[in-house]
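Colleague: Sharing a structure here in structure tokens format.
Rule-based calculations on the coordinates, nothing more; no lab input. All figures in this text were calculated on a predicted structure; none of them were measured in a lab. Methodologically, a virtual Cβ is constructed for each residue, glycine included, from the backbone with ideal geometry; neighbour enumeration extends over all protein chains shown.
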Amino acid sequence: MGSLKNKDIISIRELKNDEILDVINVAKDIKKNMKSYRDILKGYILATAFFEPSTRTKLSFQSAMKRLGGSVIDLPPEEASSRAKGENLADTIRMLECYSDIIVIRHKIEGTAKFVSEIANIPIINGGDGTKEHPTQALIDLFTIYEAYGRLDGLTVGVLGDLKYGRAARSFIFGISKFSPEKIYLISPEQLRARKDVLEFLNEKKIFFREKNDYSGILKDLDVLYVTRIQRERFPDPMEYERVRGSYRITKDILKDVKDNFIILHPLPRVDEIDFSVDGTKFAKYFVQAANGVPIRMALLKMILVE
Amino acid sequence: MSEEEKRLIVTKIKDGTVIDHIDAGRALYVLKILGITGEEDFTIAVVMNVESKRMGRKDIVKLEKMELRKEQVDEIALIAPNATINIIRNYRVVKKYKVDVPKVIEGLINCINPNCITNQKREPVRSTFLVKSLRPLILICKYCGEEIHHEDIIRQLTGV
Ligand SMILES: [Zn+2]
């Protein structure tokens, strides 16, 4: 069993498959026996340092820590946002390190989590950096798939939306690709295609993949569809956005021929890329996925801090 | 001129350094990163586009009385990864070695991703690259994962 004790979690790519499965198994047990974990991190302090607005990731980390009996301190958002004239990030981290046992950081500057992990002597968890990494979200996604299928390998997966700037989609592709999927469909407008390093990773792993402009003709082939938001701001021409957005919307009507076990994931929050009519179907797993945020983060905190 | 000197095109140097097997066309870049302007008070010989068994065509730079520091050799490696360095004493080659692209390249070049932590002025962080591929030379930012290709590396090192 690979140990995560005292490790930093910077990128999903750095985690070994058995480490990912260990986290999933611990999360599974936590979900079943939540109460028996409530004193495990008594006396430990988590610091959350979010330099970019976030509700879900931050709250679920704070909830996870408290459910394990630990406590939480938070860098006030106004402090984080006014740093331009105040102290630099390195000094802020050196301060937080004195007050806590582990830090979760989110920052729009890429490579921040890696940099911070070199400065701090305590473990760092990347809560999302720039457009590239979101390892804990990827673990949640994989856990949700594991719960649905009892395995991660051999699945046919579609990833839809902003594959270029969306760090959740990107981290998910890296994560699921570690488990030899049968096929991956990368569904996005031309200008939001996955970056070259993602495609290189898929080629290296000899994974069959196709880039598509829309989901027509492939939904019936999928075991998992991972939906992400396409932001209006990514399109210089608003007309272009209006023209393409319909091709990336999931409604109940288009799900007629899907496989029986088919599931839809979304890192949330959503705007209108998944119609509310889908919520009541058995395919909708995005609320389960959201709820898995806490047990996965509990598992990580436990494994990093105590065993 | 002796027959041998004709073959060599330029005179041998007595003491100094010969940088051989520079990719054809890159000798001037090598001079540039060594800060050589031609105003120096020692002999500098530049030979470009000579035939080479190994490389087809190559450039050679000869520097009288000059020995290179480690960082300079590292920079040459980034420009001309096939180069060999010959240390000359009294017309003889006393030491000969191939340049080596360092496994980790720190501080020499900047990440081309403006949103990378290494481009944030107020943070104590040096740009750091790992080698992704040697031929062609591609480096990858240790922090943000951005790739930097040989043309960009040369452009940054030489300002050309
Ligand atoms: Zn970078």
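Colleague: Can you give me the distance in nm between label points at B:Leu130 and A:Asp39, each placed 7 Å from the Cα along the Cα-to-Cβ direction?
Modeller: 4.3
Colleague: Translational D (Stokes-Einstein, µm²/s) of the range A:64-156 at 25 °C and 0.890 mPa s when Rh comes from the Kirkwood sum over C-alpha pairs?
Modeller: Reported coefficient: 161 µm²/s.
Colleague: Further, regarding this structure: Would you mind getting me the FRET efficiency between B:Arg54 and B:Thr158? Use the beta-carbon distance for r and R0 = 25 Å, nearest 0.05.
Modeller: After rounding to 0.05, the efficiency reads 0.55.
Colleague: For a label point 7 angstrom out from the Cα of A:Glu14 toward its Cβ, which stretches of the range A:123-157 have the backbone nitrogen within less than 14 Å?
Modeller: Output list for this probe position: A:123-129, A:133-136.
Colleague: Estimate the FRET efficiency between A:Asp29 and A:Arg56 by the formula 1/(1 + (r/R0)^6), using the beta-carbon distance for r and 30 Å for R0, to the nearest 0.05.
Modeller: On the way: r = 23 Å, r/R0 = 0.77.
Between A:Asp29 and A:Arg56 the formula returns 0.85.
Colleague: On to the next question. Could you check what % of the DSSP bridge pairs in chain A are antiparallel, to the nearest 5? Could the numbers behind the result be given before it?
Modeller: On the way: 1 of 33 bridges.
Looking only at bridges with both residues in chain A, the antiparallel portion is about 5 percent.
Colleague: Would you work out if chain B is rounded, prolate or oblate? Take a ≥ b ≥ c from the square roots of the eigenvalues of the alpha-carbon gyration tensor; rounded if a/c is under 1.5, else prolate when a/b is larger than b/c, oblate otherwise.
Modeller: Since a/c reaches 1.5 and a/b is larger than b/c, the shape of chain B is classed as prolate.
Colleague: May I pose another question? Using amide H atoms built in the peptide plane, which far-off residues or other-chain residues are under 5 Å from A:Thr156 H to H?
Modeller: HN-HN under 5 Å from A:Thr156: A:Glu182, A:Lys183, A:Asp223, A:Val224.
Colleague: Here is a follow-up. Please go through the range A:162-266 and write out the GluC sites (Glu not before Pro) that DSSP classes as loop and that have at most 16 other C-beta atoms within 10 Å.
Modeller: Answer by residue number: A:Glu182.
Colleague: What distance in nm separates the two pseudo spin-label positions at B:Val93 and A:Asn6, each 7 Å out from Cα along the beta-carbon direction?
Modeller: 4.9
Colleague: So which chymotrypsin sites (Phe, Trp or Tyr not before Pro) in the range B:88-138 pass both tests, a DSSP loop state and at most 10 other Cβ atoms within 10 Å of the Cβ?
Modeller: On the way: sites: B:Tyr91, B:Tyr97, B:Phe129; in loops: B:Tyr91.
Of the chymotrypsin sites (Phe, Trp or Tyr not before Pro), the ones in loops of the range B:88-138 whose Cβ has at most 10 other Cβ atoms within 10 Å are B:Tyr91.
Colleague: How big is the protein assembly as shown by the Kirkwood estimate over distinct Cα pairs, in Å?
Modeller: Across the protein assembly as shown, the inverse of the average 1/r is 25.3 Å.
Colleague: Ok, one more. Give a residue-ordered list of calculated ³J(HN,Hα) values for the range A:183-193 (Karplus: 6.51 cos²θ - 1.76 cosθ + 1.60, θ = phi - 60°; whole Hz; x for Gly, Pro).
Modeller: Working through the residues one at a time gives 8, 10, 9, 9, 10, 7, x, 3, 7, 10, 5 Hz.
Colleague: How far apart, in nanometres, would the label points at B:Arg122 and A:Arg232 be if each is projected 7 angstrom from Cα along the Cα-to-Cβ direction?
Modeller: 3.2
Colleague: Can you run phi through the Karplus equation (6.51, -1.76, 1.60; θ = phi - 60°) for the range A:9-20 and list ³J(HN,Hα) in whole Hz, with x for Gly and Pro?
Modeller: Residue by residue, the range A:9-20 yields 10, 9, 8, 5, 5, 6, 7, 7, 4, 6, 5, 4 Hz.
Colleague: What do you get for Rg/Rh of the range A:181-287 when both radii come from the Cα atoms and Rh is the Kirkwood radius?
Modeller: 0.96
Colleague: Sequence neighbours fewer than 8 away in the same chain don't count; with that in mind, list the lysines whose C-alpha is under 19 Å from A:Lys183.
Modeller: A:Lys196, A:Lys205, A:Lys206, A:Lys212, A:Lys220, A:Lys259
Colleague: Before anything else, pin down the relative contact order of the range A:145-222: Cα pairs under 8 Å, at least 6 apart, normalised by residue count, whole percent.
Modeller: In percent, rounded to a whole number, it is 33.
Colleague: With contacts defined as alpha carbon pairs under 8 Å and 6 or more residues apart, what's the relative contact order of the range B:78-160 in percent?
Modeller: For the range B:78-160, the relative contact order is 24 percent.
Colleague: Using DSSP to call loops (not H, G, I, E or B), can you name the GluC sites (Glu not before Pro) in the range B:53-131 whose Cβ has at most 10 other Cβ atoms within 10 angstrom?
Modeller: Sites meeting the loop and neighbour criteria: none at all.
Colleague: Over the range A:1-133, what is the relative contact order in whole percent, taking alpha-carbon pairs under 8 Å and six or more residues apart?
Modeller: Dividing the mean separation by the residue count of the range A:1-133 yields 29 percent.
Colleague: Given H placed on each backbone N at 1.01 Å, which residues far from A:Val72 in sequence or on other chains put an amide H within less than 5 Å of it?
Modeller: Close amide H contacts, sequence-distant or interchain: A:Leu46.
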